[in-house]
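Data first, discussion second: the structure below is written as structure tokens.
The values are calculated or read from the model by the stated rules, or taken from the named source; none is laboratory data. All values derive from a computational prediction rather than experimental measurement. Every residue, glycine among them, receives a Cβ derived from its backbone with ideal geometry; neighbour counts consider all protein chains shown.
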Amino acid sequence: MNRHINKVAVLGSGVMGSRIACHFANIGLEVILLDIPPRELNDKEKAKGADLNHPAVRNRIANENFAFTLKSNPAPLYSKSFASRITTGNFEDHMNLISGCAGDRSSSRKTRY
């Protein structure tokens with residue numbers, strides 16, 4: 001039985017999760033990269049008068065982690081255009097996006113010795 005995967009979800013956008021998302025994007029897959037929504041506003045958001053329900057605030061953790069990954073050296077993406085294959089979001093608002101995905105739970109993977 002051949003299985004063709006077109007879309008994957010990566011749960012956890014930290015150093016490992018964001019780079020895993022980039023590897024999947026490099027091979028042509030659509031990627032959903034999710035993380036927790038923040039529990040409090042940062043200083044920049046407070047200065048803008050944002051609240052915890054604003055979409056930019058709710059997706060901040062995944063967006064900032066992914067942006068940091070894109071700036072890393074060596075580059076995790078073969079082409080900067082591949083970043084468009086990755087959609088960021090949060091666990092509370094975007095779990096519906098992962099239906100039909102193959103997934104990697106990077107934040108919960110543990111190594112046992």
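Per-structure values
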{"item": "Filtered residues of region 26-48 (kept if part of a helix (DSSP H, G or I) and either among the acidic types (Asp, Glu) or closer than 16 Å to residue 62 by Cα (or both))", "result": "43, 45"}
{"item": "Among (1) modelled with pLDDT of 95 or more; (2) surrounded by fewer than 19 Cβ atoms within 10 Å (Cβ to Cβ); (3) of a type in the set (A, V, I, L, M), the one test that residue 86 misses", "result": "(2)"}
{"item": "Residues (aliphatic (A, V, I, L, M) and under 11 Å from the mean Cα position of the chain (by Cα)) located in region 55-82", "result": "61, 62, 67"}
{"item": "Among the residues listed as 64, 30, 45, the single one being surrounded by 15 or more Cβ atoms within 10 Å (Cβ to Cβ) and free of Cβ contacts under 8 Å to residues at least 12 places away in the same chain", "result": "64"}
{"item": "Search result, residues across region 60-82 that are within 23 Å of residue 42 (Cβ to Cβ) and part of a helix (DSSP H, G or I)", "result": "60, 61, 62, 63, 64, 65, 66, 67, 68, 69, 70"}
